[in-house]
1. Kindly indicate the residue of the stretch 29-56 that is of a type in the set (Lys, Arg) and loosely packed, with under 15 Cβ neighbours inside 10 Å and also nearest to Met75 (Cα to Cα) among those meeting that condition.
2. Suppose we keep only residues that are at pLDDT below 95 and not charged (D, E, K, R) within the stretch 179-201. Which one would you say is farthest from the ligand (Cβ to nearest atom)?
3. Residues that are in contact with a helix residue (DSSP H, G or I) (Cβ under 7 Å, 6 or more places away or on another chain) and more than 12 Å from the ligand (Cβ to nearest atom): list the strands (runs of 3 or more DSSP E) wholly contained in the stretch 48-89 that include at least 1 such residues.
4. Could you say which residue among Leu21, Leu94 is among the aliphatic types (A, V, I, L, M), over 24 Å from Asp124 (Cβ atoms) and not in a strand (DSSP E or B)?
5. Looking only at the stretch 208-245, which residues are free of Cβ contacts under 8 Å to residues at least 60 places away in the same chain, among the small types (Gly, Ala, Ser) and either in a strand (DSSP E or B) or within 21 Å of Pro126 (Cα to Cα) (or both)?
6. Give the residue that is surrounded by the most Cβ atoms within 10 Å (Cβ to Cβ), with candidates limited to residues of the stretch 99-111 that are in contact (Cβ under 8 Å) with a residue 24 or more places away in the chain and assigned to a helix (DSSP H, G or I).
7. Restricted to the stretch 34-47, and to residues that are free of Cβ contacts under 8 Å to residues at least 40 places away in the same chain and out of contact with any helix residue (DSSP H, G or I) (no Cβ under 9 Å at 6 or more places or on another chain), which residue is farthest from the ligand (Cβ to nearest atom)?
8. For the stretch 202-216, indicate whether the set of residues that are surrounded by fewer than 24 Cβ atoms within 10 Å (Cβ to Cβ) and within 13 Å of the ligand (Cβ to nearest atom) is non-empty.
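The values are calculated or read from the model by the stated rules, or taken from the named source; none is laboratory data. The model shown is predicted, which means the values in this text are computed figures rather than measured ones. Neighbour counts are summed over all protein chains in view; Cβ atoms, including those assigned to glycine, are modelled from backbone coordinates with ideal geometry.
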Amino acid sequence: MIPGQFSYHRPGTLRDAVKLLADLGDEARPLAGGHSLIPMMKLRLATPEHLVDLAGIGELKGIRRDGDAIVIGAMTTQNELLASGEIASSLPILHETALLIADPQVRYRGTVGGNVANGDPGNDMPALMLTLGATYRLKGPAGDRDVAARDFYQGAYFTALEPGEILASVSIPVPPSGHGYAYEKLKRKIGDYATAAAAVVLTMKGGKVATCSIGLTNLSETPLLAEEAAQAVIGTTLDDAVLKKAAAAAIEIMSPAGDGRGPVEYRKHVGGIMVERALKRGAARAA
Ligand code: FAD
């Protein structure tokens, strides 16, 4: 399929990009790696008249430590996440998840900003950002604002981004050393989006779960934070009965679409299994 006609713009600074988007209005869209937007344009599900390519903006790139947080520029690619020693040591769940996205070709182009700003329930990074308590820095014609990932997702392809705003960076608090983590993703084949996936970050003390956060991918129109499921495991040794209770609490909040990846009941069932597996693997990893 061939996309409709559009004009291509390549600003060199974030300021110019914000101005361009404001001037061009509703029919302009930022372009990052293009691995979600261009396929949508080829299917004519997106028909922007202007693409504002963010690739030439140096200030949107890079991974840096800022006190107790890691700040990742929106145009950092998934492959750059995989190559980062800082990510591997401070946020290993991000490394694990990036490796489960698509295939190397997609990961060389696809960006962190594009993945979290897209609003596709199938994207893997958003649930992870909820689990880790990340904050997004948005830049627009009215200035800068920070939005918690937990408040960002409003529906499929609907986010807190206002027209003309660009997601500039993602700030993630570094979990304590010795934390356990796991991202469990069921997919039909290598390179596929999740049929169901669960992210877990937890800490253990004296053999019991001290803190826990659980996120869910592709089990609703938006990424989900399974708060009751996480509460159900805190203070326990994570025996089988607790794992089942946590899975049941997570299933309660799931509302996946029935589609080529399976009917609703199947997706909820395997969603519960992903929660159990991620909890078990996360606990085994915790110091
Ligand atoms: P783009 O496609 O350029 O943009 C996506 C959307 O976000 C557009 O609406 C764009 O306007 C907007 N946008 C981009 N950057 C910004 C910004 N900084 N500020 C504001 N808005 C912005 N993803 C997964 O998570 N898991 C998978 O398993 C997976 N499998 C895939 C398999 C294939 C074959 C392909 C082609 C893609 C797959 N993807 C998957 C999607 C891939 O990870 C995309 O790269 C990613 O979702 C979007 O990132 P991008 O940089 O390509 O963004």
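1. Applying the first criterion (of a type in the set (Lys, Arg)) to the stretch 29-56 yields 29, 42, 44.
Adding the requirement that they be loosely packed, with under 15 Cβ neighbours inside 10 Å leaves 42, 44.
Working: Lys42: 22, Arg44: 25 Å.
The selected residue is Lys42.
2. Ile190
3. Working: elements: 50-53, 63-66, 69-73.
Counting at least 1 such residues, we get 63-66, 69-73.
4. Details: Leu94 fails: over 24 Å from Asp124 (Cβ atoms).
Result of the check over Leu21, Leu94: Leu21.
5. Selection gives Ala210, Ala226, Ala229, Ala230.
6. The selected residue is Arg107.
7. Looking only at the stretch 34-47, we keep the residues that are free of Cβ contacts under 8 Å to residues at least 40 places away in the same chain, and these are 38-41, 45-46.
Subset that is out of contact with any helix residue (DSSP H, G or I) (no Cβ under 9 Å at 6 or more places or on another chain): 38-41.
Working: Ile38: 6, Pro39: 6, Met40: 8, Met41: 9 Å.
Out of the qualifying residues, it is Met41.
8. no
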